[in-house]
1. What is the packing order of peptides A:42-54, A:340-352, A:12-24, taking the mean over residues of other C-beta atoms within 10 Å and listing the highest first?
2. With the cut-off at 1.5 for a/c, could you classify the range A:291-376 from its C-alpha gyration tensor as rounded, prolate or oblate?
3. Search the structure for amide H atoms under 5 Å from the amide H of B:E137, placed 1.01 Å from N in the peptide plane, and list their residues when 5 or more places away or on another chain.
4. What distance in nm separates the simple spin-label points at B:R271 and A:D32, each placed 7 Å from Cα in the Cβ direction?
5. Using amide H atoms built in the peptide plane, which far-off residues or other-chain residues are under 5 Å from B:K54 H to H?
6. D for the range B:259-304, whole µm²/s, Stokes-Einstein with Kirkwood Rh over alpha-carbon pairs at 25 °C and 0.890 mPa s: what number?
7. Given the options B:D269, B:D193, B:D287, state which has the largest fluctuation in a GNM of chain B using a 10 Å cut-off (strictly under) for Cα springs.
8. Just need log10 I(q)/I(0) for chain A at q = 0.11, 0.13, 0.14, 0.15 Å⁻¹, Debye formula, equal scatterers on the alpha-carbon atoms, no solvent, rounded to two decimals.
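Bear in mind these aren't lab numbers, they're just calculated from the coordinates by the rules spelled out. No experiment lies behind these values; they were computed from the predicted model shown. Neighbour counts are summed over all protein chains in view; Cβ atoms, including those assigned to glycine, are modelled from backbone coordinates with ideal geometry.
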Amino acid sequence: MRETVYVLGGGQTRFGELWGKSLSDLIREAVDAAIMNTNILPTDIDMVIIGNMVGGETAEQAHLGTFASSLLPHHPPALRVEAACASGGLAIHTACAFLESGKAETILVIGAEKLTDVAGETVTSALMHAGDAEKDGPSGLTFPSIFALTAAAYMHKYGLTREDLSLVSECSHRAAIKNPYAQFRKEISAAAISKSPLVADPLRLLDCSPISDGAAAVILSTRKESSVHIAASQLANESLSLIDRESLTSFVSTRTAFSSALKEANWNKNDIDAVELHDCFSIASLIHLEDFGFAQEGEAIRLFRDDETEATGSLPINCSGGLKACGHPIGATGVKQVLDCWKQLTMQAPNQVVNAKRMMAHNLGGVGATCTVHLLESI
Amino acid sequence: MDRIPSLHRRIKTLQKTAMQFGTILSFTTVRHPPAGFGTEPYVVALIRLQNGTKTLAQLTRGSITPAIGATVVPHMRKIRTMRNGLFVNDLKYEVVAKKIEPIFTVTAYVLAVSGPSGVGKTTIARSLMSLFSSYAEQVPIVTTRKAKKGDSEPYCHVSEEKFEAMVQNGEIISQTGMPSASEQRRYGYRRNDIDAIWRKGKLPIVVTELNLLTGLVNALGRRAVLSCGLLPPGHSRRSMLSSLLHRLRVRGRDTEEQIEERLKIAEADLRAFDDHAHLFDHLIVNDHLETCIEAVHEIAVTRR
């Protein structure tokens with residue numbers, strides 16, 4: 001990083017099916033919480049960046065940059081970014097770029113999504129816009145089924161069993177119990193996950209992150225200081241459609257973003273104390289852990305089997321509950337991950353990792369087509 | 001979802017994708033279809049096609065359970081119904097139990113001889129035929145032209161309607177039209193004819209012009225066409241054209257009016273050797289018939 005970008009703090013709404021709240025209510029609530037939790041004046045903010053994917057389709061609200069800017073008394077310059085499920089991560093990455101360039105000094109970064117106002121099949125179609133409209137769309141593929149294709153290929157290649165796969169979601173649900181902002185705050189056994197209804201073979205309902213509403217906001221600054229700063233911010237991309245990929249069981253974007261981020265921060269991968277990773281589907285967690293190099297190919301499930309992924313384990317993963325149990329309001333996720341990292345580093349997380357000094361937020365768009373990796377460090 | 005122009009573009013994409021067999025790389029059952037795809041679950045597979053590219057497509061409801069590695073064959077099938085009641089067709093693949101042998105092997109190719117009218121294509125093709133005797137065959141040309149005396153090439157005469165139908169259903173892989181004052185005619189090659197010759201283990205020879213050559217290259221792939229361009233003798237374009245004019249008159253097959261028209265086309269064909277150089281493997285000047293035949297023969301045998 002050319003400049004030290006501090007994370008001053010942030011806030012979020014509860015994630016879930018929030019029928020009583022509109023997209024604007026959610027954004028307002030998250031922004032208010034962020035400003036309350038950080039010791040700054042709204043007028044200190046000199047830019048607003050918002051990540052959102054389907055505001056137009058599901059909430060009939062575009063032009064979200066200006067919308068968010070209007071919430072502040074002085075209407076600072078604002079923009080909206082979109083990279084499907086990585087919209088939040090991209091918002092943080094964009095903010096870092098503006099801060100590093102000196103164009104802005106204190107940026108309010110928001111991620112927000114409202115999905116439950118429309119019928120399920122409409123959401124399914126809108127989310128499918130994250131794929132390639134000409135290559136993936138015509139076959140009637142949905143997003144869960146795209147990940148189901150990778151899951152089927154993974155199971156075929158490495159012999160992963162249904163019972164093993166269920167351990168991934170079980171871990172997320174266990175973590176979410178303590179998180180007051182999580183959508184599902186109850187334990188679900190691996191056996192129940194294995195018996196949940198099929199969504200797209202072999203993926204079942206409880207393998208999938210839910211349809212959620214929610215918003216999160218963080219405030220980043222180069223002018224004001226705090227105990228947490230961003231050590232690396234990386235963005236990487238890969239071909240949009242699955243049909244242009246070499247491998248179904250690995251995402252090049254994750255590998256690229258992760259290795260570039262380690263280089264930027266000058267870290268070793270074992271320096272990382274805990275990870276917020278993009279577990280949009282249970283299978284994705286396994287693929288990511290292998291792409292990071294925390295496990296050999298086909299062996300990531302061992303980390304879950306040996307409870308290494310718990311807050312007390314050697315590699316705590318998604319102590320917030322992750323996308324699976326905390327919820328996945330598309331554009332909000334990437335921002336919420338950074339917020340959760342900040343909570344860990346300032347010792348106020350619900351599942352506090354003892355002595356957490358270095359954290360990673362890993363956000364994915366599409367089926368690994370976009371990936372952002374942010375490394376955070378407490379001083 | 002129901003966007004007519006996007007459907008129109010999709011048809012064009014499908015036309016470019018030849019109907020190919022494939023292998024399943026992965027598959028899933030979509031239990032909650034997106035808007036417009038009904039409510040019944042269906043199977044979508046990631047398929048590796050014969051030519052190495054991949055596609056995502058639905059599988060037909062067959063008796064055979066799909067599996068990773070299984071062979072699939074393509075069909076055009078109804079894929080969904082639009083809100084206004086119209087059906088949308090798209091490629092669906094059927095799982096077949098037995099492994100399908102590809103129709104042709106990579107070594108199979110077509111020998112194309114092209115050049116301006118009167119350069120001696122037909123004579124050379126006929127000589128090649130006798131030289132190759134049992135292992136080459138000329139690909140018949142499908143045409144809407146009326147049969148006429150002195151026709152030496154294998155023509156297959158069809159009506160305009162029949163021709164159009166064959167183009168529409170993809171039977172004809174390469175076609176060209178030659179509108180003229182005297183007559184409206186179309187020429188084309190059928191995939192089936194070429195496949196049949198390959199299946200016999202023979203070398204298909206086409207005697208052709210630029211449009212048909214381009215079509216063949218597009219349909220079969222550049223590497224599957226060994227292309228020889230024939231030039232008339234002469235040091236300049238002008239002298240080449242005059243030697244062509246001489247030959248056309250001596251041949252006496254066409255009227256003066258047709259000769260004039262052929263010359264115009266010939267001029268364009270000569271220019272094509274420069275403009276479309278990538279379409280030709282070899283350029284041969286036909287100044288001495290026997291030498292020229294020998295040259296083409298050698299090229300075809302050694303496949304240089």
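1. So the peptides A:42-54, A:340-352, A:12-24, ranked by packing, come out A:42-54, A:340-352, A:12-24.
2. It is oblate, given that a/c is not under 1.5 and a/b is not larger than b/c.
3. For B:E137, the qualifying residues are B:L203, B:I205.
4. 7.4
5. B:L49
6. On the way: Rh = 12.3 Å.
Stokes-Einstein gives a translational diffusion coefficient of 200 µm²/s.
7. Among B:D269, B:D193, B:D287, the largest mean-square fluctuation in the Gaussian network model of chain B belongs to B:D287.
8. Rounded to two decimals, the profile gives -0.67, -0.96, -1.14, -1.33.
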